[in-house]
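**Q** Here it is, the structure in full.
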Amino acid sequence: MRRYLGAVLILLGAVGIVGAIGLPLYVAPMVTKLPYDMQACQKEQKPGCLKPSIAEATNAQFLQIKFENNELSVAVNTANLRSTTEVLPQAKLTADQQAAGKLDDNAVIWDVYSTVQRVDTNEVISASTTELALDRVTGAAVDWSGQWLNDSGQNSPISYTDQIYKFPFGTEQRSYKIYDTDVKAASEAKFVGVETIEGLEVYHFAQQIAPTKVDVAASSILVLISRFAPGATSAEVYYSNTREVWVDPVTGAFIKVREQPKQELRADTGATQQLLNADFAYNQQTIANAVESARSNGSQLQLVNLWLPLGLGVVGLILLVVGFLLARTPASGREPQAWDSALPEPRHSLRDDSPTLTG
């Protein structure tokens, strides 16, 4: 019975050792990916749903164009602004594009909606929508013919590259490139250092975008010239930004984001007009949501990468040792011993050895 039990324990121990090796090698790579079934949070928020990211800017200066009393009003106003970004994963479109051979299994399609509103009046200052494909591990944009950006009322093709809405799983302490939709290009975001936000260790990156000419519709340029640079025959709009992101190194999720975008009109007469000067930063609730999500996801990854393999390995090793000990123990409690010659001879005799009586 002991030998049978020992064999069972040896088998279980071997399974534990194999599981300890297999979890980090085969299971962990499967969970360190953006899942296909992610969903945006609705009124009934499900665990793990994607909550909107909200950034706020106090006393921002911004261009506001609207119709008042059937007349076009163009002005640079000052008010508090709120920027809301919502991510809607497209599981069905992803599957369709993969089935058609236009995307591989390591990509997922997202729709992203961004809206900037005045806090005091809830008026929409700007809005955009985009559709893109991301690498499920690195979080970087992948080459996909279906990507587009709508920031002027119609969808326009765009070629995303590098990081946009997240960093890689296992973010490193080095520079990455972040794509900017205003300049339509990616530029370096340098690693600044390690910091702590609400008890979570994060990596801080900073990106500087020097004043760069951006494309603006000719009709819009004419409106801006008539309002801010009368007498000019042409003008250009220049954009700059200082972008900082604080990233959870385990999941690559943005924990905190700060952007300081600026836009300036430069007319050929030498006249200039500031069109945008704002300092956006995630509000406290968005940071708290990001920290909570990063901790939850990070705990799951650590469980698969460290604690489960460690536990299985230790238990498997113990079972192997106990199993081998039981397997080597005889079925009976005592081994048969050889006769010790030092012991006295037995006093009885076998029946066959008794003398034969004769009559």
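The values are calculated or read from the model by the stated rules, or taken from the named source; none is laboratory data. Bear in mind that the values here come from a model prediction, so they are computed numbers and not experimental data. Heads up, the Cβs are rebuilt from the backbone with ideal geometry, glycines too, and the neighbour counts pull from every protein chain shown.
**Q** Condition first: surrounded by fewer than 19 Cβ atoms within 10 Å (Cβ to Cβ) and either closer than 16 Å to residue 207 by Cβ or hydroxyl-bearing (Ser, Thr, Tyr) (or both). Now tell me which residues in region 140-164 satisfy that.
**A** Within region 140-164, 145, 152, 156, 159, 161, 162 meet the criteria.
**Q** Yes or no: residue 248 among the acidic types (Asp, Glu) and surrounded by fewer than 17 Cβ atoms within 10 Å (Cβ to Cβ)?
**A** Details: among the acidic types (Asp, Glu): yes; surrounded by fewer than 17 Cβ atoms within 10 Å (Cβ to Cβ): no.
No: the conditions fail for residue 248.
**Q** Output the residues belonging to region 153-210 that are of a type in the set (Lys, Arg) and in contact with a strand residue (DSSP E or B) (Cβ under 7 Å, 6 or more places away or on another chain).
**A** 166, 174, 177, 190
**Q** Of the residues that sit in region 86-115 and are assigned to a strand (DSSP E or B) and free of Cβ contacts under 8 Å to residues at least 40 places away in the same chain, which one is surrounded by the most Cβ atoms within 10 Å (Cβ to Cβ)?
**A** Here the answer is 109.
**Q** If the requirement is being over 21 Å from residue 258 (Cα atoms), assigned by TED's automatic domain parsing to the domain that holds residue 49 and among the hydroxyl-bearing types (Ser, Thr, Tyr), which of these qualifies: 156, 175, 128? Working first, answer last.
**A** Working: 175 fails: over 21 Å from residue 258 (Cα atoms); 128 fails: over 21 Å from residue 258 (Cα atoms).
Answer to the selection: 156.
**Q** While we're looking at this one, here's another question. For region 50-68, state whether one or more residues are in a loop (DSSP other than H, G, I, E, B), of a type outside the set (A, V, I, L, M), closer than 19 Å to residue 259 by Cα and in contact (Cβ under 8 Å) with a residue 12 or more places away in the chain.
**A** Scanning region 50-68, I find at least one residue that is in a loop (DSSP other than H, G, I, E, B), of a type outside the set (A, V, I, L, M), closer than 19 Å to residue 259 by Cα and in contact (Cβ under 8 Å) with a residue 12 or more places away in the chain, so the answer is yes.
**Q** How many of the residues in region 171-188 are more than 17 Å from residue 247 (Cα to Cα) and in a loop (DSSP other than H, G, I, E, B)?
**A** Residues in region 171-188 being more than 17 Å from residue 247 (Cα to Cα) and in a loop (DSSP other than H, G, I, E, B): 4 in total.
**Q** I've got another one for you. Within region 197-212, can you find the residues that are farther than 23 Å from residue 276 by Cα and assigned to a strand (DSSP E or B)?
**A** Of everything in region 197-212, those that are farther than 23 Å from residue 276 by Cα and assigned to a strand (DSSP E or B) turn out to be 197, 200, 201, 202, 203, 204, 205.
**Q** Now a separate question. Taking only pairs six or more apart or across chains, which ones have beta-carbon atoms under 9 Å, a first residue in region 134-157 that is of a type in the set (Ser, Thr, Tyr), and a second residue that is assigned to a strand (DSSP E or B)?
**A** That search, which allows pairs on different chains as well, returns 138/163; 145/157; 152/128; 156/148; 156/149; 156/150.
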